[in-house]
Structure formats: structure tokens, C-alpha cells
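Take a look at the structure below.
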Amino acid sequence: MLAQKNEKEMVRFEGQRKHLSQMQPKEIFGIYDRLKSVKHWRVSTHTFDRIKEKKIDATKKDLVSIIHNSRIVEYRIIRNRYTDVLEERVVLESKPNVNRKYWIKVCYSLTENKIITTWMNDANDLHSTLDRGIYSKKMKVFGI
């Protein structure tokens, strides 16, 4: 796994996030290339729980389609609280659907090759309360 090979370097970026607006084109294309290379899509049970809980009209096939037709929101490195392994995760968003009222967001682990969770945001939510201070332009995007 890429994360295991780079774990020593990744530790420096643990807990950090990089917003799409801070990424270089090669980082963006690199993430998309990694997503396109996935052969077998896995979905966490938590994702299906969230779909049911939030009444999101989506199947596994829909989520994979969202990933392939989405835009990147952020890239981050977190320590998985269950496995204690550093993971590269990317948050992606669909085009507005459900009568153009909602964006479906998907969090995907590049390390585990698994959809971690999903949720919906109102398409009119312009994230005016978003704290840009949580993002780091200097963060390294691995695997590109």
C-alpha cells in the first residue's frame, strides 16, 4: 500500500487537509488517476447506514458514478481510529441532483480503496462559515 510506504513522511501531514483551490493541476489529475484506476469498489457498512439514516437515494453503483463524475473538495491524511493506520482520504461532491437542490458528498479512502461515508449538502450552501484555516497549501499530496 502506498500509505505504508510513505508512512514516515505522511506522519508530518497527519490531520492536515488540502482544499481543491490550493492544489496544483498535477495533484488534482493525480488524485483522479488514482480514482480511475480502482478495479473493485468497496463500501463501508457505515456508508449504507448513512444512506438509510439520511434518506439518500443512492446505491453502490450511484456512489461509484458520483466519484467518477465529481469534483474534488479536499484531500486529507487521518489516522484511522480502528486500524491505527494513516489513511489518505478524498472528499468528492456530485453535481446538484434531487431537483438540483442537493450535492451528494462522498468520502473515499485512497488507502483502503473504500467509500467511507456519504452525506448531502444543500446546493445553495456556499460554505460561508467554512474555516479556511483548517487547510494547508503546503500539504503534500501523495501517490502522484
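The values are calculated or read from the model by the stated rules, or taken from the named source; none is laboratory data. Treat the numbers as computed from the prediction; the structure is a model and nothing was measured. Positions of Cβ are backbone-derived with ideal geometry, glycine not excepted, and every protein chain shown enters the neighbour counts.
Quick notes
- Residue, modelled with the highest pLDDT, within the range 72-100, restricted to residues that are over 19 Å from Arg42 (Cβ atoms) and either touching a His at 6+ places or on another chain (Cβ under 7 Å) or loosely packed, with under 13 Cβ neighbours inside 10 Å (or both): Glu74
- Looking only at the range 120-144, and only at residues there that are modelled with pLDDT under 90 and hydrophobic (A, V, I, L, M, F, W, C), the one that is surrounded by the most Cβ atoms within 10 Å (Cβ to Cβ): Met120
- Scanning the range 47-70 for residues that are at pLDDT 90 or above and within 22 Å of Arg17 (Cα to Cα) returns a single hit, Thr47.
- Selection from the range 31-52 of residues that are among the small types (Gly, Ala, Ser) and either over 22 Å from Asn80 (Cβ atoms) or loosely packed, with under 12 Cβ neighbours inside 10 Å (or both): Ser37
- The range 1-30 - residue that is surrounded by fewer than 17 Cβ atoms within 10 Å (Cβ to Cβ) and among the aliphatic types (A, V, I, L, M) and, of those, modelled with the highest pLDDT: Ile28
- Ser109 being at pLDDT 95 or above, out of contact with any Phe, Trp or Tyr (no Cβ under 9 Å at 6 or more places or on another chain) and not acidic (Asp, Glu): yes
- The residues of the range 41-84 that are charged (D, E, K, R), part of a helix (DSSP H, G or I) and touching a residue at least 60 places away in the same chain (Cβ under 8 Å) amount to a single one, Arg50.
- Selection within the range 1-40: residues that are outside any helix (DSSP H, G or I), of a type in the set (D, E, K, R) and touching a strand residue (DSSP E or B) at 6+ places or on another chain (Cβ under 7 Å). The member of this set that is nearest to Arg71 (Cα to Cα) is Lys18.
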